[in-house]
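One structure is given here, and the rest of the page talks about it.
The values are calculated or read from the model by the stated rules, or taken from the named source; none is laboratory data. Fair warning: this is a prediction, and the values are worked out from it, not measured in the lab. Heads up, the Cβs are rebuilt from the backbone with ideal geometry, glycines too, and the neighbour counts pull from every protein chain shown.
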Amino acid sequence: MDAVKRQRLEAAGWRVGDAADFLELSAEEVAFIEITTQTSQFQQALEAVEVLSLDDQAMLLNILQNRLRQQRRNELLKEVVEVRQEYAEGNVKFGSVADLMVDLDESEEKSHG
């Protein structure tokens, strides 16, 4: 609902909220309902797959595995871009373990100074 419509309704004396507000649910009750709904959707998906032939289930599994691999690749690529950006900005250093130990020793000396 847009802000203008909400303001007009509230100005007219209406109370605007969601189902949790209307039912006066606690945060724990809302979380329980969300988990139950997610579980129910997952169970429905499993049941839909179970009615497929074994060949169709295998094909679906293959499709899902390929999609997951692609999603992981995309996440990795995003992380690489972020690290390169951080490195370009001078926020990341590369080096050996010995280099790290020297930097740690130097930073400890500066803090105890």
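Of the residues making up the range 92-99, one or more are modelled with pLDDT under 90 and in a helix (DSSP H, G or I).
Could you please find all residues in the range 12-46 being in a helix (DSSP H, G or I) and either touching a helix residue (DSSP H, G or I) at 6+ places or on another chain (Cβ under 6 Å) or touching a residue at least 12 places away in the same chain (Cβ under 8 Å) (or both)? Let's see the steps before the verdict.
The first filter runs over the range 12-46 and keeps only residues in a helix (DSSP H, G or I), leaving 19-23, 27-46.
Scanning the range 12-46 gives Ala20, Val30.
The listed residues are Leu76, Leu9, and the only one of them that is assigned to a helix (DSSP H, G or I), in the same structural domain as Val92 (by TED's automatic domain parsing) and surrounded by 10 or more Cβ atoms within 10 Å (Cβ to Cβ) turns out to be Leu76. All but one of (1) in contact with a helix residue (DSSP H, G or I) (Cβ under 9 Å, 6 or more places away or on another chain); (2) exposed (fewer than 10 other Cβ atoms within 10 Å of the Cβ) hold for Glu89; state the number of the condition that does not hold. Condition not satisfied by Glu89: (1).
In the range 20-40, the residue that is modelled with the lowest pLDDT out of those that are loosely packed, with under 10 Cβ neighbours inside 10 Å and among the acidic types (Asp, Glu) is Glu24.
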